[in-house]
1. For B:Val456, work out the one condition from (1) under 26 Å from B:Pro483 (Cβ atoms); (2) touching a residue at least 60 places away in the same chain (Cβ under 8 Å); (3) open to solvent by 50 Å² or more (accessible area, probe 1.4 Å) it doesn't fulfil.
2. Do we find a residue being among the hydrophobic types (A, V, I, L, M, F, W, C), within 26 Å of B:Val335 (Cα to Cα) and in a helix (DSSP H, G or I) anywhere in segment B:35-53?
3. Given the criterion surrounded by fewer than 23 Cβ atoms within 10 Å (Cβ to Cβ), in contact (Cβ under 8 Å) with a residue 24 or more places away in the chain, within 25 Å of A:Glu131 (Cβ to Cβ) and out of contact with any Ser or Thr (no Cβ under 8 Å at 6 or more places or on another chain), identify the matching residue among B:Leu164, B:Leu170, B:Leu140, B:Leu174.
4. Among the residues of segment B:547-559, count how many are more than 20 Å from B:Gln665 (Cβ to Cβ) and surrounded by 11 or more Cβ atoms within 10 Å (Cβ to Cβ).
5. Of all residues in segment B:65-74, which are of a type outside the set (Val, Ile, Thr) and either touching a strand residue (DSSP E or B) at 6+ places or on another chain (Cβ under 9 Å) or open to solvent by 10 Å² or more (accessible area, probe 1.4 Å) (or both)?
6. Criterion first (among the hydroxyl-bearing types (Ser, Thr, Tyr) and not in a helix (DSSP H, G or I)) does B:Ser99 satisfy it?
7. Starting from residues that are assigned to a helix (DSSP H, G or I) and open to solvent by 20 Å² or more (accessible area, probe 1.4 Å), keep the ones in segment A:50-80 and report whichever is nearest to the other protein chains (Cβ to nearest Cβ).
8. Helices (runs of 4 or more DSSP H) wholly in segment B:395-513 with at least 3 residues that are closer than 30 Å to B:Gly49 by Cβ - which ones?
Amino acid sequence: MNVTLVVLTGVLVAVGVFLVLQRELTRIVLGLGMLGHAGVLALLVADGSPGTPPFAPARDVADPLPQAFALTAIVITFAFALLLLALAARSFRIHGVDEVEDDPEDARTLAAARANTADEADTEAADLISELRER
Amino acid sequence: MRALVLGLIGSGVLLGALPRRLGARAAWAALVPFAAVTVWAGARVGDSGVSVERLSWVHDLGLDLVFRIDGLAVFASLLIGVVGLAVIWFSGGYLDHTSRPTALVAVMLVFAAAMLGVAAADNVLTLFVFWELTSVCSFLLVGHEHERSYARASARQALLVTGLGGLALLAGLLLLADATGSTSIHTIVNQAPTGAQVSVALVLVLVGALSKSAQVPFQFWLPGAMAAPTPVSAFLHSATMVKAGVLLVARFAPAFGDHSAWRSVVVPIGALTMAMGALVACRRHDLKQLLAYGTVSQLGLLMVLFGLGEPTVTIGAVALFGAHALGKAALFMVVGTIDHQTGTRDLRRLSGLGRTMPGLFVIALLAAASVAGVPPLFGFVAKEAAIAALLDAQPLVGWLVVAGAALTLVYTVRFLWGAFARKPEVEPTPVAHRPGVPLVAPAGVLAGLGVVFGIVPGLVETLVRDAARAVEPVATGTLHLWPGLGVPLFASVGAIVVGVVIGMRPLRVERFLPAWRLPSGEAAFAATQNGLRRAAGWTAASTQRGSLPWYVGVIALSSLVVPTVVLVERGVEVPELTVASSVAQVLIALTAAVCAVACAITRRRLSAAILLGAVGANVGLLFVVQGAPDLALTQLFVEAVSIVAFVLVLRAQPVRYAPARRPLQVRRALAGLVAGAAVVLLMLGAGSDARPVPAGDELVERALPEAGGRNIVNTIIVDFRGFDTLGETTVAAIAALGAMALTAGLTRAGHVRRRPAPLLDTANRLVVPSMLAVSLYLLLAGHNRPGGGFIAGLLAGLAVVLRFVADPAAPPAGRVGPRPLIAAGLALMVTVGVLGWWIDGDFLASGYTSFTLPVFGAVKVFSVLFFDIGVFAVVVGLVIAMLESFRLREVAQ
């Protein structure tokens, strides 16, 4: 197994994860692109030792199957990156910032859980029913 | 039965689809399906045979819809049909003030289907499905006026109580099915297994039945369910759904009545519910609440009668079941009419209605008297039969029931007094106008049936006896209006006299009764619900922090670290390692690593994008070293197009990223390092499992003879794994369309026409056609030489990009739009696949044809070439879609 390629894959994953953890959407896209490169490299490692290009009839060719996987993976990663870029472009155009804000719904859940307001709403409803029954 | 169930559901769906403005009277369309149910069941009366219908569903799991149409099913179906007809008739008049009346009636139709299913289900899973379906329909109906918070709360409570009961029922039924080895209820009851497992199962089944039929301690949901519009209360919460538990008990009691787990639960609870329900009813002021507690009490009585499993009692119990359904439905409709005409159901505000609405009073009197068991009405005949048999078989329980009958009279008199009497201290209630026929007649018909069946019980005797014998083959007894002088008659008459005498003083009864509450599970229910809510809130608060980086970090690390830990625990067998295959490889890898790290560190947006491209280019070079020319070409072309995309998006944004807090970045870097290390370990671990033979060797052998291509990678893509490629191309197509949809409408295309860049434009006249020619060659030759649809498509796309760069305001590909191109490409690929299927019997099977052309000589044309052309079209479309998406932004600036 080729140590150089394995280590390079590790480096690309490290950089990719670091970028994906950022707040800026475009950096997240960059990070995913980096992870895509890492994935293709991993397939290359699976390809084994280098050989002559796989054209028939030939001997000692490089394993063609991981290559076919890698080829489609490259195109998919590209298409995926385009979609995310469109998302980033849209977000920037509408909000004027290239950042992922905290999810407001989650923030509300957090606040509600801290304040126990969910309980109060429920108690109120229960009171209403028992009032109905006591008529 | 199958046809009825499906027909009811279908007509419910149709009715629900009717336009709203048709109003309440459109509800009368539902009379047709209910008439069908009535006719179907009516035609089976007297037919003592049993038929089984089966509707295969998930047969291998024992999950079939099996209906066993016996006497009890026919009896219940007839009740559903008749009460349903009356209720629908009533609804057409009553619902004129209710929002979405047709939707309400539509759900009632679906409910009726579910109820038929419960009545006739033989398979335990069938029973469970329909049982829960009635709960769901009840939820929708109780919560029909969902603008009101108490309607929502009541609906939820009813659903949770009956739904949880349904789960207990399922568990019980499955245990019983396990004990007998059969999912047929008929078989389970016939075998009547015993043992500890069966005891547990019976208690669980009873939890389901008791919760559905609103028995202590589950009774609290039923009065709450009175938030439903009155037709719903009349249909579900008096006549049908709440009787599901009784039906179930009726089916099981003959087999398990002697079982201690059964007897020690069902009879005491039934008796307690009977007594307490009646007492609470004596203190209610809302007429509907009074009736609801009356129903709870009557259901308790039915539980006792059926639960004993005494053969002699069954006929009386079945008759009482019917009498109560007819009478109670009528009473609910009477209350509905009072509410509709006066705007109140509070007996403290009603006075003199007996004089202003005499017809309604007579109907209410007859219906109430029948429910209370007063001669000469059907309820009397039924109760008399039951009491006579019970006093004989179980005297203690019998006298308890007699006492219960007296209590029934007390609250029945209270009801009639409260609704119709002239109360000196209350102003006579004004009645706007006389109620219309649909508000009175349906209740009148049901009350009239009570009179007719009371005077001539022979009319229903066959129906009742067949129903009783369906569960208790040795059921004996007859229905008589005149039972003959004897203890039972004296007991009944005594109960009636005592009940009426006490009931005539409703206010004193009310004062005398302490403010008892039924022992109720509601507090436990509320505590459980609040506890769950608090736990859920706590869980959400401690995990849902709202921060995307946090979520992504957790996902990334757990998806990498968890398998790594497992791998290390099992021991990594380090594979044979080589440092590198060549010096070039080391140099290229080093460059890539440096570029990657720089990409992470730089604060300039464009630099970061270009560094990412540099990493990609170096990866492409690694492919060259590896001996993978197709990959290298693809990678380099993709990087070129990507850079353009990034530039188009990023130039609208600030040059630099805002600085992030240092500790945060350190943590993120640490997460990255852990992830990278995990991947290295995982790859080493995976490598230790390497098979000695490369996976593709077989394909190398097969490529030329089978796929007719020398480029093995290409044959894999378009032939051996063509289906895979079709899927991946589809993903690319969706991404392209998605990108266009996301950016559509962001800016209006006010075309700012600029002159094309002169030098580039001129160069393009030469370069673009050459690129397209090379692209065409790569496409056609790709099966044998480096190339193929993906690569050719990317190159053609690059040609379009060049044109765009020279003249950004012009449409990048002339009149060729990305959407038609993508659609045509996918269509071509699918067509090739379907043709292969048609000709060769396999989707995407390949073939070729050869012919001779004058100049080119012998030509072989492979079907996969057209597949590859499809790929080509989609990829070109993808690039054009990218330009179209981001070009709009160009125009706006």
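The values are calculated or read from the model by the stated rules, or taken from the named source; none is laboratory data. If you're wondering where the values come from, they're calculated on a predicted model, not measured in any experiment. Neighbour counts run over all protein chains shown; Cβ positions are idealised from the backbone, glycine included. These accessible areas exclude ligands, DNA and RNA; they are computed on the full protein's heavy atoms, side chains included. Shrake-Rupley method; radii C 1.70, N 1.55, O 1.52, S 1.80 Å.
1. Failing condition for B:Val456: (2).
2. Within segment B:35-53, the first condition is being among the hydrophobic types (A, V, I, L, M, F, W, C), and the residues that meet it are B:35-37, B:39-41, B:43, B:45, B:50, B:52.
Narrowing further to those that are within 26 Å of B:Val335 (Cα to Cα): B:35.
Now restrict to residues that are in a helix (DSSP H, G or I): B:35.
Yes, there is a match, as at least one residue in segment B:35-53 is among the hydrophobic types (A, V, I, L, M, F, W, C), within 26 Å of B:Val335 (Cα to Cα) and in a helix (DSSP H, G or I).
3. Details: B:Leu164 fails: out of contact with any Ser or Thr (no Cβ under 8 Å at 6 or more places or on another chain); B:Leu170 fails: within 25 Å of A:Glu131 (Cβ to Cβ); B:Leu174 fails: within 25 Å of A:Glu131 (Cβ to Cβ).
None of the others qualify; the one that does is B:Leu140.
4. At the first step, the residues of segment B:547-559 found to be more than 20 Å from B:Gln665 (Cβ to Cβ) are B:558-559.
Right, trim to surrounded by 11 or more Cβ atoms within 10 Å (Cβ to Cβ) and you get B:559.
Going through segment B:547-559 one residue at a time, the tally reaches 1.
5. Just the residues of segment B:65-74 that are of a type outside the set (Val, Ile, Thr), to begin with: B:65, B:67-68, B:70-73.
Within segment B:65-74, B:Leu65, B:Phe67, B:Arg68, B:Asp70, B:Gly71, B:Ala73 meet the criteria.
6. Values: among the hydroxyl-bearing types (Ser, Thr, Tyr): yes; not in a helix (DSSP H, G or I): yes.
For B:Ser99, the condition - among the hydroxyl-bearing types (Ser, Thr, Tyr) and not in a helix (DSSP H, G or I) - is met.
7. Here is the first cut: in segment A:50-80, the residues assigned to a helix (DSSP H, G or I) are A:64-80.
From the residues that got through so far, the ones that are open to solvent by 20 Å² or more (accessible area, probe 1.4 Å) too are A:65, A:69, A:73, A:76-77, A:80.
Details: A:Leu65: 4, A:Phe69: 9, A:Ala73: 8, A:Ile76: 6, A:Thr77: 8, A:Phe80: 6 Å.
The qualifying residue nearest to the other protein chains (Cβ to nearest Cβ) is A:Leu65.
8. In segment B:395-513, the matching helices (runs of 4 or more DSSP H) lie at B:437-455, B:458-471.
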